[in-house]
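Here is the structure we will look at.
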Amino acid sequence: MGIVEEAHNVKVLGSGGQTIVLGHGFGTDQSVWKHLVPHLVEDYRVVLYDNIGAGTTNPEYFDFERYSTLEGFAFDLIAIFEDLQIESCIFVGHSVSAMVGVLASLNRPDLFSKIVMISASPRYVNDVDYQGGFEQDDLNQLFEAMRNNYKAWCMGFAPLAVGGDLDSVAVQEFSRTLFNMRPDIALSVAQTIFQSDMRQILPYVSVPCHILQSVKDLAVPVVVSEYLHANLGGESIVEVIPSDGHLPQLSSPDSVVPVLLRHIRHDIAV
C-alpha cells in the first residue's frame, strides 16, 4: 500500500467492472456509507477513503495551509485516483466532498463519468440574491463555540445536523466521528468549508451531476440544490428526498439508499 492509500485509509471492496468512489462530509469518515456499501459490492468496485483531518487519519498529515482551501482536498482525491489507477469512476460525494469532486473534475474531467451529490452547497453564507442558509454572524458564533468547548459544541451540533434526538443511533454515530477529530483540525476544516464559495466555478463543470437533497437540512436549504442545478455547466438533475437532516444516508437509509442506487445506476437521460 502506498503512502496516499495509507494516509487516507483507502479500502477497495468488490470487483465489478465499474468503479464507485465514496467521499464523506465534515465530521464523519468512510463509516458514514455503511448502509450503502452492501448494496454496491456485488456489482461494482467500491473505493472508500477518509479525508485528511477525519478522526480516523493521522493528525500529523494535516497541513493547515494546504487544507485552508478545498483545492487541497481535491488534489488528494486525484492522488487517490492515480494511486489506484482509476481511469473513470462514478463519484458519490457527501456535503463538502461533493464540491471537492467538482473541483477535481475541473482538473481531470476524464476521471469522472458522473458525480452524485448529497447535501452539497457551493456557498453557505447568504449573499445578494443567494440564500446559503447562514449569516456570517451565525458562523462566527459557531466557530467561537468550537474554540471554547469542542466537546460541548459536538453534543449540540450533532442532533441539529442529523435532525434527530440525542438517543438516535445516527446522532450517536455522528457525535462519535465528530468528537474523534482533533479540535483545532475540526475548527480549521469547518472554517475552510463554511467560508468557501464555489459559485464561480459551477459553469465550468462538464461532468453530469445528480443532486440529491433532504427536504429539511440545517446546513443546506432546498433552494441551494436548485441553484446548483441552474448553474452547473454540464447536465444535471435534482431530487429532493423526503428525509430530515444533513446526513440522510446515515439517518434515513431505508428511504435514501434506494434513491442513491437509482442515481448511481441510471444516467440523467434515462
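Some notes on this structure:
- Couplings for the stretch 220-236, taken from phi via the Karplus curve 6.51 cos²θ - 1.76 cosθ + 1.60 with θ = phi - 60°, read 9, x, 4, 4, 5, 5, 5, 4, 4, 4, 6, 10, 5, x, x, 5, 8 Hz in order; Gly and Pro are left as x.
- The stretch 1-101: translational diffusion in µm²/s, Stokes-Einstein, Kirkwood Rh over Cα pairs, 10 °C, 1.306 mPa s: 116 µm²/s
- Computed FRET value (nearest 0.05) for ASN231 with ASN149, which takes r as the C-beta separation and R₀ as 45 Å: 0.75
- Here's the list of lysines a cross-link from LYS11 could span, going by alpha-carbon distance under 24 Å and ignoring same-chain residues fewer than 8 apart: LYS34, LYS114.
- Gain in span if fully extended, SER113 to ASP244, counting 0.36 nm per residue against the direct Cα distance: 44.3 nm
- For the stretch 48-185, the spherically averaged projection of the C-alpha convex hull amounts to 9.7 nm².
- Across the chain, the fraction of Cα-Cα pairs farther apart than 22 Å, rounded to a whole number, is 52%.
- Equivalent ellipsoid, the stretch 154-198 (semi-axes from 5 times Cα gyration tensor eigenvalues, Å): 22, 13, 7
- For the stretch 1-57: Kirkwood Rh in Å [reciprocal of mean 1/r, alpha carbons]: 11.6 Å
- The chain, relative contact order in percent, only Cα pairs under 8 angstrom and at least six apart counted: 20 percent
- Applying D = kT/(6 pi eta Rh) to the stretch 163-270, where Rh is the Kirkwood radius over alpha-carbon pairs, T corresponds to 4 °C and eta to 1.567 mPa s, the Stokes-Einstein value obtained is 82 µm²/s.
- For GLY233, distant residues with modelled amide H under 5 Å away: TYR204, VAL205
- Cut-off 12 Å between beta-carbons: net charge of the residues surrounding ASP50, Lys and Arg +1, Asp and Glu -1: -3
- For the stretch 231-270, a/c is not less than 1.5, where a ≥ b ≥ c are the root eigenvalues of the C-alpha gyration tensor, and a/b does not top b/c. That puts it in the oblate class.
- Using a Förster distance of 25 Å, the FRET efficiency for VAL169-GLN136 (Cβ separation, nearest 0.05): 0.15
- Inter-label distance, nm, simple model (7 Å from Cα along the C-beta direction), SER15/GLU42: 1.7 nm
- Long-range amide H partners of GLY133 with built H, under 5 Å: ASN126
- Note on THR69 and GLU82: the model spin-label points, each 7 Å out from Cα along the C-beta direction, lie 1.8 nm apart.
- Sorted into 10 angstrom bins from 0, the C-alpha pair distances of the stretch 105-175 split as 16, 30, 32, 20, 2 percent.
- Low-density loop cleavage sites - GluC sites (Glu not before Pro) in the stretch 1-98, where at most 13 other Cβ are within 10 Å (DSSP): GLU42, GLU65, GLU87
FYI, it's all coordinate maths here, none of it is from the lab. A quick note: this is a predicted structure, and the numbers were derived from the prediction, not measured. When we count neighbours, we look across all protein chains shown, and the Cβ atoms used for this are built from the backbone with ideal geometry, even at glycine.
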